[in-house]
Structure formats: structure tokens, C-alpha cells
1. Looking at Ser411, is it under 30 Å from Asn323 (Cα atoms), buried (at least 17 other Cβ atoms within 10 Å of the Cβ) and outside the structural domain of Glu100 (by TED's automatic domain parsing)?
2. When the residues of the range 449-471 are narrowed to those that are at pLDDT below 85 and outside any loop (DSSP other than H, G, I, E, B), which ends up surrounded by the fewest Cβ atoms within 10 Å (Cβ to Cβ)?
3. How about the range 255-287: which of its residues are at pLDDT 85 or above and outside any helix (DSSP H, G or I)?
4. For the range 253-280, how many residues meet the condition of being under 54 Å from the mean Cα position of the chain (by Cα) and small (Gly, Ala, Ser)?
5. Taking the range 402-438 as the region of interest, how many residues are of a type outside the set (D, E, K, R) and assigned to a helix (DSSP H, G or I)?
6. How about the range 124-178: which of its residues are among the polar types (S, T, N, Q) and in contact with a Pro (Cβ under 6 Å, 6 or more places away or on another chain)?
7. Here's a check for you: in the range 227-254, which residue that is assigned to a loop (DSSP other than H, G, I, E, B) and of a type in the set (Ser, Thr, Tyr) is modelled with the highest pLDDT?
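The values are calculated or read from the model by the stated rules, or taken from the named source; none is laboratory data. Bear in mind the structure is a predicted one, so any value in this text is a computation, not a measurement. Glycine gets a Cβ as well: all are built from the backbone with ideal geometry, and neighbour counts include every protein chain shown.
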Amino acid sequence: MIKSILKYAGKYKILTVAATAMVAVAVAAQILPYIFAYQIISPLIAGESITWQFAVERVVGVAVCLALNFAFYLGGLSLSHIAAFNTLYNLRVSLQGKTEKLPLGVVQEKGTGNLKKLLVDDVESMELLLAHAIPEGIGNLLIPLGVFIAMFAIDWKLALLTLIMLPLGVWAVMMMTRSGFKKMDSYYRSAQVMNNTIIEYVNGMEVVKVFNKDGDSYKRYKKDVAAYRDFTLEWYRVCWPWMAVYAGVFATCSLFTLPFGGMLVVNGLSELADLVLVLCLSFGLGGPLMKAMRFVPSLAQVDRKVKELEKTLDAPPLKSNGNAFTGSGNTAAFENVTFAYGDKDVIKNAELVVQEGKKTALVGESGSGKSTLAKLLVHYYDIGGGRITLGGQDIADMSLEALNSRISFVSQDNFLFNTSIYENIKAGKPEATESEVLAAAQKAQCMEFIERLPNGIHTLAGDCGNALSGGERQRVSLARAILKDAPVVILDEATAFADPENEEKMERAIAEVVRGKTLLVIAHRLASIQNADRIYVLDNGRVAGSGTHAELLQNNGIYRRLWQISEDSAAWNVVGERGGER
């Protein structure tokens, strides 16, 4: 159990050991005052006298023990917190490493809310347990164990009387842990559902308000929050009775020692001084045992959470041999490629070629597999069958770094970081100079809106780029692609956010991106790709035809229908209240 946690501690494991030792010393210092009390009481019971100096020395000893208890407990917890936060750091780094090795599509499918809860909330929730459960749980167990050994050395009969309560308390803890584990799955599932619902509720607030879905959305929100409350209370209701049992038991370790020990003394089977000493020691056991039992179930929770965290990202890593690009040229080819999302086949025996230096387009109805093919080319997923090559080299045979250095992927929803526009563009080529970044921004038609911003190109883009409009974000993404200057460019609905006023600027920006490149274009507006060198028509994941615009209009019914729909939509006009066109 502890082994699964401490494997992430690394070099800080020694701090956890030191923290446990210091807490053990603090617990010992907490029990020692009862020894001093015995030293004062024992002579008095025997009819002997004690000096004021003797009594004052014991009182000073008690004060010193209390100070040592405070100092060592504080020092131990300080070390345990350092170890805990570094362990969480190592755990997050390990999870991040696993995430990096997963197919990017799998990461996207898990969703922002789920990954945020995983890497932030779930990991953070273990800090208190790591910082306290291990050092305090173990430290508070070791010293009582030593005290019981000492009791047996003093008088085994009195020690057994004190131990009578211990099995009952341990049994209560075991029953609480066993019963609680049965409810733990429901508790954690309800917490995950509630977290995702809250994030969805907040992110979808605009849609909820616009379409008057307040009632439906709030009902789901309320239902999932209430479910979390109910599962939590149900878990606690199972544990509370057992908590009451072991709390009462450990607080009364001397319950049998006092009456039956007295009988042993009266009958000459034990010494009065030994009884007093054992009683004094038993009075100091309740606190440490209570703390230890409180933290023992926490260790099981940490162990479970670590395993759940590892299991969540326990998916096959992306297949990659990590080799450099050794291909010849920049022609991309799909050879009998198949791919499925779960059990649903999405791409079926696709055969197509993106010729070097040419413009290739993918068209088809929504859900036909266009964007999926583009993502497969940049290795978002591992394919189910066939192979994809770039320059004749299988993309699974090269590292992601090698593949990404040769492809620029510009989609309709490119992500911008909450840093300056300058840094967002520079992400395309981290070693770029400022003049290169500015030149890329100029070519992407960004300077027009950048010059209006208070800090120019050094203005923050905001969370996910929300300080900019959709079209402005798209132009920044195009500037990033221009700066990267990769030989292969994929445009997935790159002008989706362009309004009529900005469409010409976007087209000029795209022209800079694709100049002299191998180009793969996905577009719903067929007019934008009618000059492509080759157009592939997709239908339900299959290639249903290919050729030039003129060839497909003549020979392919699917393309002809899509073209007609595109032409009809371009001719639509908004009709005014009196029937006139606007």
C-alpha cells in the first residue's frame, strides 16, 4: 500500500522517513509526562516523602516534554509537507508523461473537465493524506507498540488487561474500512460526474441562457450535486458507528486494568507500584491510538487514488519508433487505411495520395471522415490497418517531433495560450527572432488589429485566446504556421470564422502559408477548393471518387450534389419583413 505511494517520492523518500521518526519522538515526548507523574505518585502511595526539588524537577521534565512534543511534531510535519508536495510534483510529472505518450485524439476524448479533475483536483486531494497519514499514522503506532512491550516487561498480567480493549478497537477500524470501501466506488464516480457537470454548466451558460434551457440544465446540475451529497452521506453513515466504537474503546484502555489490576494487587499477584505505572502509561495511549486509527484508512484512500489516477491514463501509448525523418520528398500517402472510434468504423480502406507541391482537397458530408483523415496524417491516433507514409516513410516509424516539424496543421479551433500574441506566434518556431515573428504576423494580415491593441503584439491573448475575435485568433494561428514554415500544410476549415469583411484578408494569409507547400485542404465551401489539383470525395469513411473539379462534376454524383448544395447556399438571401431582399 505505502509502496505504491512512495515510489513517486524519489529522493524525498528520506524526508518522509525522517518526518515519521520525528513524529515518533514527539509522541514519545507526549507519553513521558505520565512517567514523571508516576515518579511523583509512586513514593506517596508507598508512604514515602518526596522533596520539593524532586517534584519541581519532574514538573520541569513535563514542560520540557511538552516543548519537545511541539518542536518535533512541527519539524516532522514540515518535512512531511516538503516530501508530500514533491511527491505530488513527481506524480503529476509521471501522469503528464503518460498523457504525452497517449494519442492526442484519446486525450481530447477524455475532455478538459476530466483531465483537470485528474491532474489538479484528484492529485491535490492527496496532499493532506501524504503529509499527515504516513508520518502521523506510523509514528502514532510505533510508540504505543513500544509502550505495550514495556508493559509486558513490567507485568504481563497487567499488560494483558490493558490489551483487552485493543482487539475490539482494531476490529471496529477494520469493519469501518471494509464497509467504507464498498461505498467508495459510488462516491468517487458521483464526484467525477458532478465535476464534469459543473464545468459543462459553467462553460455552456451562454447557450443555456440564449435557448432558455435554464430549467433543464439546472435540473441536471442539481441532480448530480445532490447525488454526490447522498453518496457522501451514505458513505459517512456506514463509517460513523464504527468510528464511535473505536473512539470510545481507545479512550478507555484502562477500563479493565483498574478494577481487575486492583484485584491482582489485593491478592498479591501484582505489585501496587507496577499497577500505578501501567495505569499511567495506559492514560497516554488513547491520543496516539486515536490519531493512528484515524490515518490508517487514509493510507488505503491514497493507495486507491494513485491506482485510479494511473488507471485513468492506462491506455496504449501512441506507436512511434522515435526515428528521425528519412523519407524522400513530401508526398503523403494513405494505403488501405482503416480506423475506428471504439467499435464504430470511421475510415474504411482509404487509398489516397497528397502529391508534393500540389493542392489536394477532401470533400464530403459531415461525418464522412474528412477531419479524421487529416488528424490521422498528423498521428492523432494509431490506425487500425494499412499505413500512412510521408516521403515514403511510415509515420509510425518516426518520432512525433520529426513528423510535426514537417507538418503545419491549421484547424478552425486552434488554441491560443494566455500569453502575448507575440509568444503565441513564436510557438511555431521557438528559436525565431523578433523580426521573423513580426514578418509572419504581417504576412498573416495580423498587424491591422494588432496595431489597435493597447500593447500591440505584446498584448495578452486571454484564456484560450478569448481577448480576440474568432477571425483574429485564426489569423494568429496562420501566422504561427507561416513562421513554422513546414513543407506540408493541412487546412481544416481554416476560414470558418472569417466574416465577409475579413475573408479576403484570410485568403491572403492562407496564400502565404501554402506558398510552395504540399497542401491538404478540408472545406465545406466547395468554391474555395475548385482549383485544387486533386479532389477526393468521401462517403461514410470510404473514398467514393477523385479527380479535378470538372471531372467530378461530370462523373461523380455525390460531388455533383454537394456542389449544387454549396451553390444554393451561396445564393441564399435574408428576406425582409415586407418580402424584399436584403
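1. yes
2. Asp463
3. The answer is Asn267, Gly268, Leu269, Ser270, Glu271.
4. Restricting attention to the range 253-280, the residues satisfying the condition of being under 54 Å from the mean Cα position of the chain (by Cα) are 253-258, 277-280.
Restricting the remaining residues to those that are small (Gly, Ala, Ser) gives 254.
Summing the residues that are under 54 Å from the mean Cα position of the chain (by Cα) and small (Gly, Ala, Ser) in the range 253-280 gives 1.
5. Quick first cut of the range 402-438, residues of a type outside the set (D, E, K, R) only: 402-405, 407-412, 414-422, 424-425, 427-428, 430, 432-433, 435, 437-438.
Imposing the further condition that a residue be assigned to a helix (DSSP H, G or I) reduces the set to 402-404, 421-422, 424-425, 435, 437-438.
Count: 10.
6. Here is the first cut: in the range 124-178, the ones among the polar types (S, T, N, Q) are 125, 140, 162, 177.
Within the range 124-178, Asn140, Thr177 meet the criteria.
7. Within the range 227-254, the first condition is being assigned to a loop (DSSP other than H, G, I, E, B), and the residues that meet it are 251-254.
When the remaining residues are screened for being of a type in the set (Ser, Thr, Tyr), the result is 252, 254.
On the way: Thr252: 73, Ser254: 78.
Ranking the qualifying residues of the range 227-254, first place goes to Ser254.
Okay, residues lined up against (1) modelled with pLDDT of 90 or more; (2) touching a strand residue (DSSP E or B) at 6+ places or on another chain (Cβ under 8 Å); (3) among the hydroxyl-bearing types (Ser, Thr, Tyr); (4) within 30 Å of Asn466 (Cα to Cα):
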{"site": "Asn323", "(1), (2), (3), (4)": "no, yes, no, no"}
{"site": "Ala332", "(1), (2), (3), (4)": "yes, yes, no, no"}
{"site": "Ala350", "(1), (2), (3), (4)": "yes, yes, no, no"}
{"site": "Leu373", "(1), (2), (3), (4)": "yes, yes, no, yes"}
{"site": "Thr389", "(1), (2), (3), (4)": "yes, yes, yes, no"}
{"site": "Ser399", "(1), (2), (3), (4)": "no, yes, yes, no"}
{"site": "Arg406", "(1), (2), (3), (4)": "yes, yes, no, yes"}
{"site": "Val410", "(1), (2), (3), (4)": "no, yes, no, yes"}
